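Colleague: What follows is a structure written as structure tokens; I'll ask about it next.
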Amino acid sequence: MKLAIASDHAGYELKKEVVAYLQSAGIAFTDFGCGPGESVDYVDYGAEAVSRVVSGEFDRAILFCGTGLGMAVVANKFPGIIATPCWDEFTATVSRTHNNSNCLALGGRVLSSEQAIKIVKIWLEKDFEGGRHERRIKKIFALEEELHKSK
Ligand code: RB5
């Protein structure tokens with residue numbers, strides 16, 4: 001799996017912890033910033049990483065900001081992206097099995113590194129269940145298509 005990651009300053013420290021986990025687990029990723037000590041707008045970094053998923057260059061993205069909320073909002077503006085803030089093992093599980101999340105959004109000001117790493121492991125391992133969930137996801141994308149057409 002080709003993984004893109006990005007953070008703003010409020011997610012930077014948590015990103016560092018998750019990066020250490022990914023490296024120790026031998027999971028490849030590309031970090032689209034930000035770097036240490038910068039105060040940046042999460043919009044720019046989230047958009048950069050997630051646009052690479054839309055283009056097909058990467059399969060999924062993990063984004064970090066203070067809460068996970070701003071990054072999820074940005075990512076969900078992109079076609080084909082299902083960005084899910086997750087805060088525990090249950091939300092991590094269903095974000096994949098039910099929502100088919102392709103973008104995980106984590107909050108550096110609300111999660112410990114232990115919690116975040118548990119979430120990342122689950123999110124990377126779990127598969128979409130399909131079935132009734134497939135029908136719902138198809139409706140989301142049909143809605144996206146319809147709303148964009150009417151502009
Ligand atoms: C930055 O201070 C903070 O607002 C941002 O990281 C994020 O939490 C937004 O949702």
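Colleague: What are the pairs, 6+ residues apart or on separate chains, where a residue within region 5-34 that is in a helix (DSSP H, G or I) has its Cβ under 6 Å from a residue that is surrounded by fewer than 17 Cβ atoms within 10 Å (Cβ to Cβ) and at pLDDT below 95?
Modeller: HIS9/GLU38
Colleague: Considering region 1-49 alone, what residues qualify as being away from the ligand (no atom under 11 Å from the Cβ), of a type outside the set (A, V, I, L, M) and within 14 Å of ALA116 (Cα to Cα)?
Modeller: GLU13, LYS15, LYS16, GLU17, TYR21
Colleague: So, one more: Output the residue which, of all residues in region 83-106 that are surrounded by 20 or more Cβ atoms within 10 Å (Cβ to Cβ) and not small (Gly, Ala, Ser), is farthest from ILE137 (Cα to Cα).
Modeller: Among those residues, the one meeting the criterion is LEU106.
Colleague: Please count how many residues of region 115-149 are free of Cβ contacts under 8 Å to residues at least 60 places away in the same chain, open to solvent by 90 Å² or more (accessible area, probe 1.4 Å) and not basic (Lys, Arg).
Modeller: Residues that pass the stated criteria total 7.
Colleague: Regarding ALA61, is this residue among the small types (Gly, Ala, Ser) and away from the ligand (no atom under 14 Å from the Cβ)?
Modeller: Values: among the small types (Gly, Ala, Ser): yes; away from the ligand (no atom under 14 Å from the Cβ): yes.
When the stated conditions are applied, ALA61 passes them.
Colleague: Next question, about the same structure. Quick check on my filter: what residues within region 58-83 are outside any helix (DSSP H, G or I) and of a type in the set (Val, Ile, Thr)?
Modeller: We begin by selecting, within region 58-83, every residue outside any helix (DSSP H, G or I); these are 58-68, 76-83.
Within region 58-83, ILE62, THR67, ILE81, ILE82 meet the criteria.
The values are calculated or read from the model by the stated rules, or taken from the named source; none is laboratory data. All figures in this text were calculated on a predicted structure; none of them were measured in a lab. Quick reminder, even Gly has a Cβ in these numbers, built from the backbone with ideal geometry, and neighbours come from all protein chains shown. For the accessible areas, the whole protein counts, side chains as well, though only heavy atoms, and no ligand, DNA or RNA atoms are used. Shrake-Rupley method; radii C 1.70, N 1.55, O 1.52, S 1.80 Å.
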